[in-house]
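The values are calculated or read from the model by the stated rules, or taken from the named source; none is laboratory data. Just so you know, these numbers come straight off a predicted model, no measurement behind them. We place every Cβ from the backbone using ideal geometry, glycine too, and count neighbours over all the protein chains shown.
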Amino acid sequence: MNLGRRISVIVAGASLVGLLVTSCAPAAAPQPAGKTAGTSQTTTGAPAKSSGVITVYSGRAKGLVGPLLDQVAKDIGVEVRVRYGDTAQLAAAILEEGNRTPADVFFAQDAGALGALSKAGQLTKLPDNILNRVDKKFQSVKGEWVGVSGRARVVAYNTQTLKEADLPESIWGFTDPKWKGRIGWPPTNGSFQAFVTAMRVLEGEAKAREWLKGIQANSPKVYRDNTTAIQAVASGEVQVAFINHYYLFGQLKEKGEYFAARNYYPKKGDVGALMNVAGAGILSTAKDKKAAEAFVEYLLSDGAQRYFAEQTYEYPMVQWIPTDPRILPLSQIQAPNIDLTNLDDLNGTLKLMQELGIL
Ligand SMILES: [Fe+2]
């Protein structure tokens with residue numbers, strides 16, 4: 001297709017995204033990075049000094065990553081200018097800006113948005129010293145983006161009315177009529193939509209439609225975000241909700257151990273236990289590639305990884321950084337095998353959900 005047509009399609013996509021997606025907020029109000037974040041150590045253990053200024057488009061909220069990004073200049077001498085926004089909207093903006101994009105690095109909340117840029121040829125291959133820090137499952141097959149922190153899909157359940165044994169191994173189990181009136185979901189949430197995209201990729205369009213209709217038949221209560229959904233689970237308004245794992249730990253911190261919800265991970269490679277990542281990629285048009293690489297390397301430094309583990313309760317991508325001990329270890333999640341780059345078709349998911357009247 002010609003350029004004009006391509007841009008109009010992208011713009012149409014961008015506005016659709018703008019209407020139907022809300023960002024996936026962090027679980028906890030983050031603390032200033034202090035000594036936990038941004039040590040002057042790099043992945044090689046040596047201080048990396050790089051002069052230069054970079055522009056980062058961040059789909060991760062300022063309240064969450066701001067304290068970390070503020071450390072970058074001090075620690076590695078790279079001046080970071082940040083444009084914050086919704087991940088899907090920033091990806092659409094970069095696609096629309098094309099070669100003229102001011103973005104040097106895209107820091108995205110989910111892999112699908114990075115996959116969209118990779119497929120459009122807008123990302124460049126990352127150096128091996130960066131890629132080698134992270135499990136191959138959590139990076140682009142072409143080496144064009146890398147996971148920075150992991151977020152698992154879970155079923156939050158009410159601990160006063162349910163035990164793990166009452167919960168089905170597969171997310172399909174919730175289409176059983178016995179769950180009628182007991183389910184909560186946040187359909188405008190970006191991570192929920194990425195999960196639906198994963199179901200379309202893994203099980204096909206028809207099955208994804210069937211699952212959504214099956215849940216709709218059980219009259220799910222709609223929540224505006226993951227936090228309100230898990231609070232409804234704990235209060236008993238609903239018994240289960242489909243959300244990301246880290247919201248629980250934000251609530252436990254705020255409300256204490258008696259908060260009556262916990263996380264359940266579907267089993268046997270079920271898409272309900274999808275592991276997605278927030279990640280970063282460098283634009284092929286980046287003006288100072290060295291500085292951009294130093295920045296991505298910084299996100300995978302021990303200090304930054306500890307920041308994500310301790311402040312946002314996500315899974316660190318660097319293996320030797322410990323996950324919060326209350327969180328099911330990555331090695332025990334029976335997550336589905338999926339190339340996360342293929343979660344790029346958000347618009348297809350939005351159209352499906354619209355057709356079914358969910359959005
Ligand atoms: Fe989130």
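Of all residues in the stretch 279-294, none satisfies being assigned by TED's automatic domain parsing to the domain that holds Val65, closer than 28 Å to Lys119 by Cβ, assigned to a helix (DSSP H, G or I) and within 16 Å of the ligand (Cβ to nearest atom).
Within the group Ile54, Ile94, which residue is under 15 Å from Ala286 (Cβ atoms), part of a helix (DSSP H, G or I) and of a type in the set (A, V, I, L, M)? Talk me through it step by step, then tell me what you get.
Details: Ile54 fails: part of a helix (DSSP H, G or I).
Exactly one residue qualifies, and that residue is Ile94.
Lys137 satisfies every condition listed in (1) part of a helix (DSSP H, G or I); (2) assigned by TED's automatic domain parsing to the domain that holds Gly236 except (2).
Residue pairs whose Cβ atoms lie under 7 Å apart, separated by 6 or more positions or on different chains, with the first residue in the stretch 174-186 and outside the structural domain of Ile243 (by TED's automatic domain parsing) and the second crowded, with 19+ Cβ neighbours inside 10 Å, do not occur. Taken over the stretch 102-134, residues that are in a helix (DSSP H, G or I), acidic (Asp, Glu) and either buried (at least 24 other Cβ atoms within 10 Å of the Cβ) or touching a strand residue (DSSP E or B) at 6+ places or on another chain (Cβ under 6 Å) (or both) amount to 0.
Test Pro322 against the criterion of being free of Cβ contacts under 8 Å to residues at least 40 places away in the same chain and more than 15 Å from the chain's Cα centre (by Cα), and give yes or no. Answer is yes for this residue. Assess whether Gly181 counts as being more than 14 Å from the ligand (Cβ to nearest atom) and either among the polar types (S, T, N, Q) or out of contact with any helix residue (DSSP H, G or I) (no Cβ under 9 Å at 6 or more places or on another chain) (or both). Against the criterion (more than 14 Å from the ligand (Cβ to nearest atom) and either among the polar types (S, T, N, Q) or out of contact with any helix residue (DSSP H, G or I) (no Cβ under 9 Å at 6 or more places or on another chain) (or both)), Gly181 qualifies.
Of all residues in the stretch 68-87, none satisfies being touching a strand residue (DSSP E or B) at 6+ places or on another chain (Cβ under 8 Å), modelled with pLDDT of 90 or more, among the hydrophobic types (A, V, I, L, M, F, W, C) and closer than 26 Å to Phe195 by Cβ.
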